[in-house]
Amino acid sequence: MPSNTNITGGAVNQNGNIVKRDFTACNVDLRLSGHSHTSFQTIGGREQGRDSRMLATRALRLVGKRAISTSVCVRGGHGVAKVEDYTLPAYFDRRENPLPDISYVQNLSPEQASLKEKEKGSWAALSDEEKIALYRISFKQSFAEMTQGSSEWKSVVGGMFFLIGFTGLVVLWQRKFVYGPVPHTFEAEYKEKELQRVLDMKMNPVEGFASKWDYENKQWKK
Amino acid sequence: MSLAKPVMRGLLGKRLRFHLPIAFALSLVAAIGFKYGVTEPRKRAYADFYKQYDAVKEFTAMKEAGVFESVRPSGE
């Protein structure tokens, strides 16, 4: 195994800090020692193509570091654009995506860094608090925390009712000030003639309208 | 801190074993309810209506009321 990969195959830089494997197409080898005070690290071109296996278990997740090139890499006469923040892998707590692309904590404090070192050894030696601390490095909220409900639905329903009520007021105003008169077919006299014609035609005589009319006694059936 | 390991497998199977019989039973009840609550009364209503139906009498009544265009009431 090459000397600058750890046991899980992730790339390790000269300082021994663990960095996430990155696919920047930059061939400029920016050493970590020159950038250890910034939170942005780059990976040299020779890390490209390193064959590393990423074990998909939560406890072994490596602390990823954002890889943003802080200068333009020149290769073959072309410039490489600055990598935007939103194009990089993001962290988010979702039930359907339990293992996000990056860890929650990107910049380890010294205690956290030493804890990560200890994680490389036997896990039985870790105490419960240390295990929880490691979990909190990798993840922001536990499943129980992220799936807990809130009272937001009350505001939503309340807002719905309010807006529906407001719409009712708008409709009333429209009927009074916007719409013209209804057609003449709505007049009472016309409606009477219409009803008489419907009964004469015996519309729906089995189960419908005309079945409710008593033709002998000329009245509605009781 | 030693929690019991949560159930990791067979979650879909468990859900199906619970919900599928209920779903089938409810659908069956809905179908049977509709058949005997709606369709059978409707069939009976139509049968009863047409048992005592005199087409000519109905036609004459409609003709006298004046709803047809091809044949006017006997008065005109």
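Some observations on this one:
- Which listed residue, of A:210, A:144, A:125, is within 14 Å of chain B (Cβ to nearest Cβ) and farther than 30 Å from residue B:59 by Cα: A:144
- Applying the criterion of at least 3 residues that are on the phi < 0 side of the Ramachandran plot and more than 11 Å from chain A (Cβ to nearest Cβ) to the helices (runs of 4 or more DSSP H) found wholly in region B:1-74 leaves B:11-34, B:55-65.
- For residue B:8, the criteria (1) more than 30 Å from residue A:195 (Cα to Cα); (2) at pLDDT 95 or above hold in every case but one, which is (2).
- Close Cβ contacts (under 8 Å, 6 or more residues apart or on different chains) running from residues in region A:201-213 that are on the phi > 0 side of the Ramachandran plot to residues that are of a type in the set (Asp, Glu) comprise A:202/B:58.
For every residue, the table says whether it meets (1) closer than 24 Å to residue B:6 by Cα; (2) open to solvent by less than 80 Å² (accessible area, probe 1.4 Å).
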site	(1), (2)
A:89	no, yes
A:109	no, yes
A:126	yes, yes
A:129	yes, no
A:138	yes, yes
A:143	yes, yes
A:154	no, no
A:163	no, no
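- Matching residues in region B:62-76 - criterion: being open to solvent by 50 Å² or more (accessible area, probe 1.4 Å) and within 20 Å of residue A:218 (Cα to Cα): B:64
- Residues (in contact with a helix residue (DSSP H, G or I) (Cβ under 9 Å, 6 or more places away or on another chain) and not hydrophobic (A, V, I, L, M, F, W, C)) located in region A:184-202: A:184, A:185, A:190, A:191, A:194, A:196, A:197, A:200, A:202
- Looking only at region A:165-207, and only at residues there that are open to solvent by 80 Å² or more (accessible area, probe 1.4 Å) and among the polar types (S, T, N, Q), the one that is nearest to the other protein chains (Cβ to nearest Cβ): A:196
- Residue list for region A:71-84, filter: open to solvent by 100 Å² or more (accessible area, probe 1.4 Å) and at pLDDT 85 or above: A:82
The values are calculated or read from the model by the stated rules, or taken from the named source; none is laboratory data. Every value quoted in this text rests on a predicted model; they were computed, and no experiment measured them. Backbone-built Cβ (ideal geometry, glycine too); neighbour counts: all protein chains shown. Calculation scope for accessible area: heavy atoms of the full protein, side chains included, ligands and nucleic acids excluded. Shrake-Rupley method; radii C 1.70, N 1.55, O 1.52, S 1.80 Å.
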